[in-house]
Amino acid sequence: ILSEDRKNVTYALLDGLHRLEARKECKARTIAANLYPEMTISESELDTLQTKCLILDYAAKFNWLHGQPFTLKERRSVVQTLFKYGKNIKDLLAYASEKTLRKWLRGQLKEKDREKEEKKKEGLKLLQAGQPKKRVARDLSVPLSTLRDWAKKEKAGNSGNKKSCGKKGGAEKG
């Protein structure tokens with residue numbers, strides 16, 4: 001794409017794909033477009049998940065604004081993709097109710113929970129093996145506070161299992 005100043009520039013199309021395709025079909029050499037310089041992205045950033053998420057989110061919102069509502073299938077697809085790219089349910093409430101989002105993301109939420117549980121097991125195993133907390137947190141890409149919470153809950157859970165099942169205050173009178 002050549003911009004008005006004749007520099008070879010790459011743009012992300014956020015809205016107007018049908019219009020662009022129609023212009024191409026008519027062999028048009030120009031098209032009016034709104035450019036958003038505040039959204040400039042370096043070439044090295046183009047393939048990052050964060051950038052893809054930003055572009056998809058903007059594109060979805062632009063499409064939503066001009067009166068062409070998404071089909072249910074399109075909204076679900078956008079939500080699932082944005083969730084995969086790191087958006088959370090709170091970020092996605094513009095697309096559907098929380099109940100609907102949880103329904104659409106059921107499989108991904110379960111997978112995320114499984115991954116979190118595996119990460120927790122690995123972290124606790126490394127801590128029990130004597131690895132420093134800071135290193136374990138860094139290696140697992142979790143906040144140190146999260147690792148501490150896991151260890152604290154694990155310790156409380158284990159000590160809780162050793163308590164007497166009798167009445168409060170010790171041994172039962174016989």
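Among the residues of the stretch 63-103, those that are within 19 Å of Leu14 (Cβ to Cβ), open to solvent by less than 50 Å² (accessible area, probe 1.4 Å) and in a helix (DSSP H, G or I) comprise Asn63, Val78, Val79, Thr81, Leu82, Leu92. Ala32 falls short of the stated requirement of being modelled with pLDDT of 70 or more, in a helix (DSSP H, G or I) and farther than 25 Å from Tyr95 by Cα. With respect to the conditions (1) within 22 Å of the chain's Cα centre (by Cα); (2) modelled with pLDDT under 90, Lys153 falls short on a single one, namely (1).
Look at (1) open to solvent by 90 Å² or more (accessible area, probe 1.4 Å); (2) modelled with pLDDT under 90 and you find that Arg106 fails only one, number (2).
Of all the residues that make up the stretch 109-138, how many are more than 28 Å from Leu82 (Cβ to Cβ) and either open to solvent by 90 Å² or more (accessible area, probe 1.4 Å) or among the aliphatic types (A, V, I, L, M) (or both)?
Going residue by residue through the stretch 109-138, those that are more than 28 Å from Leu82 (Cβ to Cβ) are 121, 124-136.
Now drop any that are not either open to solvent by 90 Å² or more (accessible area, probe 1.4 Å) or among the aliphatic types (A, V, I, L, M) (or both), which leaves 121, 124-129, 133-136.
Qualifying residue count for the region: 11.
Per this entry, Ala12 is not counted among residues that are at pLDDT 80 or above and closer than 28 Å to Tyr95 by Cβ.
Rundown of residues vs (1) in a helix (DSSP H, G or I); (2) among the β-branched types (Val, Ile, Thr); (3) under 25 Å from the mean Cα position of the chain (by Cα); (4) at pLDDT 85 or above, yes/no style:
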| position | (1), (2), (3), (4) |
| --- | --- |
| Lys121 | yes, no, yes, yes |
| Gln131 | no, no, no, yes |
| Ala137 | yes, no, yes, yes |
| Thr146 | yes, yes, yes, yes |
| Gly160 | yes, no, no, no |
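The values are calculated or read from the model by the stated rules, or taken from the named source; none is laboratory data. What you see is a predicted model, and the numbers here were worked out from it, not measured in a lab. Cβ sites come from the backbone with ideal geometry, for glycine too, and all protein chains shown count toward neighbours. Areas reflect the complete protein model, heavy atoms only, side chains present, ligands, DNA and RNA absent. Shrake-Rupley method; radii C 1.70, N 1.55, O 1.52, S 1.80 Å.
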